[in-house]
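*Asks:* Have a look at this one.
Every read-out reported here was derived from the displayed coordinates using simple, explicitly stated rules and does not represent laboratory data. Here the structure is a predicted model, which means the values were calculated and not measured. So basically every Cβ, Gly included, is an ideal-geometry build from the backbone, and we count neighbours across all protein chains shown.
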Amino acid sequence: MAKHYGRGIAAVNYPTGMNLGGDPTQALIFCQPTGGFSVKLASTDLGQGLKTVIAQIAAEALGVPFDSVIVDTGDTDSAPHCMGTFASRATHRVGNAVIMAANEARKALLDVAAEEMEAAPEDLVLENGEIYVKGAPERKTNVFNVALAAHFKHGKTISGRGIYLKQKSGLDPETGACDPDSTEAHATTVAEVEVDDETGEVKVLRLASAYEVGRQINPEMVKGQIVSGAVMGMSHALMETVFPYYPALDHHTYSFGEYIIPTALDIPEIESVVLEYPSSNGPYGVKGVGEMTANSPIPAIVNAIYDAVGVWVTDLPVTPEKVLRALEERSLETH
Amino acid sequence: MESITVTFKLNGKTTAVAIEPLESLRTVLREHLHLHATKAGCGQGGCGSCTVLVNDEPVLSCLMLAALADGQEVTTLEGIGTPPHMHPLQTAFFDRFAAQCGYCSPGMIMAAKALLDKNPHPTRAEIAEALAGNLCRCTGYVAILDAIEDVVTQMQEA
């Protein structure tokens with residue numbers, strides 16, 4: 001009876017864009033007379049930080065400070081349609097739609113600015129909310145003044161419409177080939193575990209991962225997704241089930257007393273590196289990062305258990321009972 | 001049932017409130033007194049999102065009858081910091097990106113405050129132990145532990 005150390009590896013390819021294409025999202029942007037911009041989205045922030053990264057993307061594309069952008073999300077009655085926040089599609093889809101909307105709003109803004117400044121719109125530079133004539137920086141104004149003039153003097157709106165749609169890709173009848181997604185992120189996780197062959201308990205000692213995520217809009221939030229994905233992956237691998245005792249409805253979970261998820265005491269050592277290979281069609285090179293972070297730890301842990309004690313337990317979660325049964329089965333086979 | 005009046009010190013201020021006798025402290029805080037930082041999670045004492053301090057001890061307010069708070073001192077997240085004057089724990093959570101959906105954050109911060117008030121120099125393991133009754137689905141806890149360790153370091157330096 002002993003504790004056995006094992007190490008396992010797993011890799012994932014994570015596609016962004018669903019349904020062989022045909023997976024659109026829309027955005028609207030408008031400017032208030034205060035010079036503040038509002039981004040209207042039906043897309044939801046689940047806590048992963050969509051509102052923050054969309055404000056960053058909108059501010060960058062408009063040429064205004066981050067603080068002057070409000071992102072209003074989550075009401076499908078009052079905002080243009082989005083297919084939803086799922087499968088790591090939101091930053092890619094919404095970000096692209098927002099850039100398109102921001103470009104139209106920026107053009108409307110510069111058209112009014114050009115009239116106000118008696119300059120050609122293409123000669124104007126808009127940076128961080130300040131507007132000046134190229135080559136003549138003393139001829140300047142700002143978004144607030146232009147927004148006031150647009151509203152009260154010119155009777156014009158400063159607004160933009162955006163949508164991102166990748167056309168649906170059919171299957172080639174001869175070869176079955178298709179173009180199923182917009183971009184792919186990649187990840188590899190190495191798991192180190194300790195398996196107790198007496199109790200069947202598995203302890204994850206360390207999860208080390210490399211993530212290729214395209215361009216990071218907000219590196220701290222990418223790190224947040226990676227760390228939380230590691231813990232959630234470990235949790236799916238070892239803990240979470242709606243039928244912890246017996247696979248019948250009467251035996252389902254009623255509380256966190258039976259539906260076990262990790263606490264602060266259960267987290268392994270987590271280490272990660274991020275690689276950035278920008279995508280060709282994501283906003284500023286974005287790919288999807290969230291969901292895959294919970295994917296690669298699971299097979300890596302299952303492989304590490306095999307490395308430790310020589311049994312494959314592929315029915316999740318890998319509970320102590322399943323480990324002991326597999327060990328027993330193997331010892332019966334060998335004797 | 002006839003309503004009763006309980007009187008307790010809430011965030012430093014004496015507060016009297018008419019309640020149904022069997023209402024939980026969490027319900028009274030959220031629905032009678034409109035203090036919504038204290039979250040309603042599982043309602044079974046399993047998640048910690050309703051954690052408040054009663055006489056400086058962390059308490060699951062969903063499991064405590066509000067009537068038992070009579071004459072006690074109750075502290076909620078609203079009582080330890082405001083947006084312009086955040087508590088050091090709130091600032092550290094902000095700086096460390098220690099919240100994603102944020103639903104567990106008030107309970108986490110109150111549990112951490114209870115720990116630091118008693119033990120200003122806890123180890124990382126002691127912090128994890130003190131937070132073990134507070135579940136978080138989003139962060140994986142690492143940023144939360146980092147944030148609390150930052151406050152411990154600040155207190156050592158001060």
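*Asks:* Residue by residue through segment B:49-64, which ³J(HN,Hα) values in whole Hz follow from phi under the Karplus form 6.51 cos²θ - 1.76 cosθ + 1.60 (θ = phi - 60°), with glycine and proline marked x?
*Replies:* 6, 9, 4, 10, 9, 10, 6, 6, 9, x, 9, 7, 6, 6, 9, 9
*Asks:* While we're here: For a protection proxy built on the mean count of beta-carbon atoms within 10 angstrom, sort A:272-279, A:250-257 highest first, please.
*Replies:* A:272-279, A:250-257
*Asks:* Looking at the P(r) of segment B:6-62, how many percent of alpha-carbon pairs lie beyond 19 Å? Please report the intermediate quantities before stating the final value.
*Replies:* Working: 366 of 1596 pairs.
Everything past 19 Å amounts to 23 percent.
*Asks:* If you don't mind, another one. Taking the Cα centre of segment B:4-78 as origin, sum charge times position over the Cβ atoms of Lys and Arg (+1) and Asp and Glu (-1), and report the length of that vector in debye to the nearest 20.
*Replies:* 160 debye
*Asks:* Label A:Glu321 and A:Lys168 with points 7 Å out from Cα along Cα→Cβ: what is the distance between them in nm?
*Replies:* According to this spin-label approximation, the distance is 4.5 nm.
*Asks:* Taking only Cα atoms, what is the 0 to 90° angle, nearest 10, from helix B:105-118's long axis to the longest principal axis of chain B?
*Replies:* So the inclination is approximately 80 degrees.
*Asks:* OK, next. Please arrange B:Tyr141, A:Tyr246, B:Tyr103 by counting, for each residue, the other beta carbons lying within 10 Å of its beta carbon, fewest first.
*Replies:* A:Tyr246, B:Tyr103, B:Tyr141
*Asks:* Here's another thing I want to ask about it. Can you compute the equivalent ellipsoid semi-axes for segment A:210-297, i.e. the square root of 5 times each eigenvalue of the Cα gyration tensor, sorted largest first and rounded to whole Å?
*Replies:* 33, 14, 10
*Asks:* Something else: Taking the Cβ of B:Glu20 as the center, what net charge do the other residues with Cβ under 12 Å away carry, scoring Lys and Arg +1 and Asp and Glu -1?
*Replies:* Here the count lands on -3.
*Asks:* With only alpha-carbon atoms in the gyration tensor, what are the semi-axes of the equivalent ellipsoid for segment A:118-225, in Å, largest first?
*Replies:* One finds semi-axes of 53, 26, 14 Å for segment A:118-225.
*Asks:* Straight-line reach only, C-alpha to C-alpha below 25 angstrom: list the lysines that A:Lys168 could link to, leaving out same-chain residues fewer than 8 apart.
*Replies:* Within the straight-line cut-off, A:Lys168 pairs with A:Lys287.
*Asks:* Tell me, Kirkwood radius of segment A:25-164 from alpha-carbon pair distances, in Å?
*Replies:* Computed over segment A:25-164, the radius equals 15.1 Å.
*Asks:* For B:Glu157 and B:Leu68, what is the calculated FRET efficiency with R₀ set at 35 Å and r taken between the beta-carbons, to the nearest 0.05?
*Replies:* 0.35
*Asks:* Treating the beta-carbon of each Lys and Arg as +1 and of each Asp and Glu as -1, no other charges, what is the dipole magnitude of the protein assembly as shown about its Cα centre, to the nearest 20 debye?
*Replies:* Taking the Cα centre of the protein assembly as shown as origin, the dipole is about 1080 debye.
*Asks:* In nm, to one decimal, how far is the A:Glu115 label point from the A:His154 one, both placed 7 Å along Cα→Cβ?
*Replies:* 0.6 nm
*Asks:* Taking the beta-carbon count within 10 Å as an exposure proxy, list A:Arg93, B:Arg124 from fewest neighbours to most.
*Replies:* With the sparsest Cβ surroundings first, the list reads B:Arg124, A:Arg93.
*Asks:* Report the relative contact order of chain B, percent, no decimals, based on alpha-carbon pairs under 8 angstrom and at least 6 residues apart. List each step's numbers first, then the result.
*Replies:* Working: 272 pairs, mean separation 36.5, N = 158.
Dividing the mean separation by the residue count of chain B yields 23 percent.
*Asks:* Hey, can you grab everything whose amide H is under 5 Å from the amide H of A:Gly129? Only 5+ residues off in sequence or another chain; H modelled, so Pro and N-termini drop out.
*Replies:* A:Val64
*Asks:* For helix B:142-157, report the angle its Cα long axis makes with the longest principal axis of the Cα atoms of chain B; keep it between 0 and 90° and round to the nearest 10°.
*Replies:* 80 degrees
*Asks:* What FRET efficiency do you get for A:Leu249 and A:Asn128 if R0 is 51 Å and r is their Cβ-Cβ distance, rounded to the nearest 0.05?
*Replies:* It comes to 0.30.
*Asks:* What are the lysines whose alpha-carbon lies under 23 Å from the alpha-carbon of A:Lys153, with same-chain residues fewer than 8 places away excluded?
*Replies:* A:Lys107, A:Lys140
*Asks:* Just tell me how shielded A:259-272 is by partners: mean number of partner chain Cβ atoms within 10 Å of each residue's Cβ, no decimals.
*Replies:* 4
*Asks:* For segment A:12-23, take each phi angle, set θ = phi - 60°, evaluate the Karplus expression 6.51 cos²θ - 1.76 cosθ + 1.60, and give the result in whole Hz per residue in order, putting x for glycine and proline.
*Replies:* 10, 10, 10, x, 10, x, 9, 6, 6, x, x, 10
*Asks:* Kindly state, as a whole number, the per residue volume in cubic angstrom of the convex hull around the alpha carbon atoms of segment B:88-157.
*Replies:* Looking at segment B:88-157, the number lands at 72 Å³ per residue.
*Asks:* For chain A, with the dipole built from +1 on Lys and Arg beta-carbon atoms and -1 on Asp and Glu ones, taken about the Cα centre, which of A:Gly74, A:His151, A:Ser279 lies farthest toward the positive end?
*Replies:* So the residue we want is A:His151.
*Asks:* If eta is 0.692 mPa s and T is 37 °C, what Stokes-Einstein diffusion coefficient results for segment A:1-47, Kirkwood Rh from Cα pairs, in µm²/s? Don't jump to the answer; show the numbers that get you there.
*Replies:* Values: Rh = 16.5 Å.
The estimated diffusion coefficient comes to 199 µm²/s.
*Asks:* Given H placed on each backbone N at 1.01 Å, which residues far from A:Thr85 in sequence or on other chains put an amide H within less than 5 Å of it?
*Replies:* Result for A:Thr85 returns A:Thr44.
*Asks:* 7 Å from Cα along Cα→Cβ at both B:Met86 and A:Thr76: what's the point-to-point distance in nm?
*Replies:* The two pseudo-label positions are separated by 3.3 nm.
*Asks:* Cα centroids of segment B:119-158 and segment B:32-111: how far apart, whole angstrom?
*Replies:* A separation of 16 Å, based on Cα centres.
*Asks:* B:Leu65: net charge of surrounding residues, Cβ under 13 Å, Lys/Arg +1, Asp/Glu -1, itself excluded?
*Replies:* -2
*Asks:* Still on this model: Could you pull out the GluC sites (Glu not before Pro) across segment B:1-86 that fall in loop regions by DSSP (anything but H, G, I, E, B) with no more than 16 other Cβ atoms inside 10 Å?
*Replies:* Passing both the DSSP loop test and the Cβ count: B:Glu2.
*Asks:* Next up: Taking each pair of distinct Cα atoms in the protein assembly as shown once, what is the resulting Kirkwood hydrodynamic radius in Å?
*Replies:* The answer is 25.9 Å.
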